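In what follows, a single structure is set out as structure tokens and then discussed.
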Amino acid sequence: MTFRLLLHIKLIAVFSLLLFIAHPAKAQLFLRQLDSLPRPIQFSGLVIDEDSGQPMPFVTILIKNRVKGTITDNRGFFSFVALIGDTIRFSSMGYKKAYLVIPDTIVGTSWSVVQPMETDPITLKPIRVWPWANKEQFKHEFMAAQLPDEKAEIAKRNLEAELLAEISGNLSMDGYENQRNFIQNEIQKTYFAGQMNFAQLGGPNAVPIPSTLLSPIAWAEFVKALQRGDFWKKKKKKLN
């Protein structure tokens, strides 16, 4: 019970006693009128989040139709003087407003509650912030923009054909290229099976050819065989 509420009760008691002694009839009328007035109580409680159960700090608590109220502290607790029958409104950003009526069945001079608050999320439309008023102005500014000379030179060097060719040559094959190269090698091995080792022309990815086609010794032996008529002799033997 607060000091102000206690002092209020004591003053009413002293005034009633003096009035009863001086004017008994008026004192009885005053007491009847006093009984009909709303009784003040010390209203206290804790405001919590309905979902998590966590205390809610800085919730606004007001008495409806009266400019009086308080806010919860950083632990969600509040306490102030209210009257029996008052309608209490609880409000906080992101939560639905809650209302509570102080019942007239309260015995004593204090009452405490635990007030849950239901969340009320607000979905805002997305906002795009542009430094230009519209797309046409952006397009105009973008097309009119001029890069500094040093940046333009860097961009020009990075797009040179020789540099791009060098970068491309140093790049490793991706999965598709590796698969295609493997299958091609397997086909060539099958096609030239039983012949001499292959000779490569045009780099590692070129089509292999039999090494005997490029051998000068093999060509010299071929010419000598033609001069001796070895191929005709073999043909005659087959005819006989």
Problem set entry | Spans of strands (runs of 3 or more DSSP E) in segment 36-93 with at least 3 residues touching a residue at least 60 places away in the same chain (Cβ under 8 Å) | 40-49
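Has segment 110-128 got any residue that is part of a loop (DSSP other than H, G, I, E, B) and in contact (Cβ under 8 Å) with a residue 60 or more places away in the chain?
Filtering segment 110-128 for residues part of a loop (DSSP other than H, G, I, E, B) gives 118, 120-128.
Those left that are additionally in contact (Cβ under 8 Å) with a residue 60 or more places away in the chain: 118.
Within segment 110-128 (the criterion being part of a loop (DSSP other than H, G, I, E, B) and in contact (Cβ under 8 Å) with a residue 60 or more places away in the chain), the answer is yes, since at least one residue qualifies.
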For this session: Look through segment 106-133, keep the residues that are at pLDDT 85 or above and among the polar types (S, T, N, Q), and return whichever of them is nearest to PRO55 (Cα to Cα).
Result: GLN115
Exercise. For GLU162, which of the numbered conditions (1) farther than 30 Å from PRO55 by Cα; (2) surrounded by 11 or more Cβ atoms within 10 Å (Cβ to Cβ); (3) more than 39 Å from the chain's Cα centre (by Cα) fails to hold?
Worked result: (2)
Problem set entry | Qualifying residue in segment 208-223 (condition: in contact with a helix residue (DSSP H, G or I) (Cβ under 8 Å, 6 or more places away or on another chain) and at pLDDT below 60) | yes
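The values are calculated or read from the model by the stated rules, or taken from the named source; none is laboratory data. Note that this is a predicted model, so its numbers are computed, not measured. Methodologically, a virtual Cβ is constructed for each residue, glycine included, from the backbone with ideal geometry; neighbour enumeration extends over all protein chains shown.
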